[in-house]
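Only the coordinates and a few stated rules stand behind these numbers; no lab work does. These numbers were taken from a predicted model, which means no experiment stands behind them. So basically every Cβ, Gly included, is an ideal-geometry build from the backbone, and we count neighbours across all protein chains shown.
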Amino acid sequence: MIRDITIGQYYAIESVIHRLDPRTKLFGVFIYIVLLFCIRNPWWYLLCLLLLLLVYRCAKVPFSYVLRGIKGISILLVFTFVFRMLCTPGEEIWQFYFLSVTQEGVRKAIQMTARIALMIVGASLLSYTTTPKSMADGLEKAFSFLEKVHVPIHDMSVIVMIAFRFIPIIIEELNTLMDAQAARGAKFQEGNAFQKCRGVMSLLLPLFLSTVRRSSELAMAMEARGYTGEKETSKMNPLIYSRYDTIAYLCIVLVPTFYIILEFALRWIQ
């Protein structure tokens, strides 16, 4: 499961979505997440899934690649579904001692689990189609107005860029540690769930030490190259909107507008 983690990694390929400005993709992800939290009818999640499939097709990112990454959060999704199903009061449909399943609980569990899964898959598209540097530049440019209230947006953008660059490095280091310990007789795939978790826990300390060492080397390398954190530095590739960004902005605005109009129409009919 750990080897299949793809969330947060850049998928290098040429597509229309990859060529979009990072500010456009940030705005699209923001509107998409807000729309997910506004949805109340579970059938709308099917339309959101179809929309995601269409965008992933335009980005040329295989959806099987995304499903591999969801394996890492499968435990979270299962826990969310079970907890929401058992802890929501309503009309009971099944009971076992103090545990009870209600119709409202099942509906809320499906709604919450689908919302979390669609939110993660939709937000992951940003990292799949945007390099860490472009994402940092987009964040800095999009939220530059916060500098008027003394928010260090430049430093925060650099932190985001470094964090996304560290994701594939940490996963590669973790795979190396697993192979090294497996060669010494460690077994990560055998035993019950508790034994598997205990085997993975043995990787945390060397992984933590390796991450600290790499971050220290990165800090010294940035200081040796004269990095001071000043936002006045020039950009080699400044962000410039293209006609594709204009079309993308129109599509992003049309989707919530269509939802609002259709939702009001359905309520008026009822």
Taking the Cα centre of the chain as origin and charging only Cβ (+1 Lys, Arg; -1 Asp, Glu), how large is the dipole, in debye to the nearest 20? 340
For each pair in Lys25/Lys108; Lys71/Lys133; Lys25/Lys141, compute the distance between the two Cα atoms and list the pairs where it is over 19 Å. Lys25/Lys108; Lys71/Lys133
Excluding Ser15 itself, what net charge comes from residues whose Cβ is under 13 Å from its Cβ, given Lys and Arg +1 and Asp and Glu -1? +3
Counting helices only, and only those DSSP H runs with n ≥ 4, report the 222 nm mean residue ellipticity of the chain as the sum of -39,500 (n - 2.57) divided by its residues, in deg cm²/dmol to the nearest 500. -23000 deg cm²/dmol
Suppose each label sits 7 Å from its Cα in the direction of the beta carbon; what would the Leu47-Met220 distance come out to in nanometres? 5.7
Normalised contact order of the chain, rounded percent, pairs of Cα under 8 Å and 6 or more residues apart: 26
Compute the FRET efficiency between Leu77 and Tyr227 as 1/(1 + (r/R0)^6), taking r as their Cβ-Cβ distance and R0 = 35 Å, and round to the nearest 0.05. 0.30
Förster-model FRET efficiency, 30 Å R0, Ile170 and Ser15, C-beta, rounded to 0.05: 0.70
With the chain treated as a Gaussian network of Cα nodes joined by springs under 10 Å, which of Leu52, Leu20, Leu209 yields the largest mean-square fluctuation? Leu209
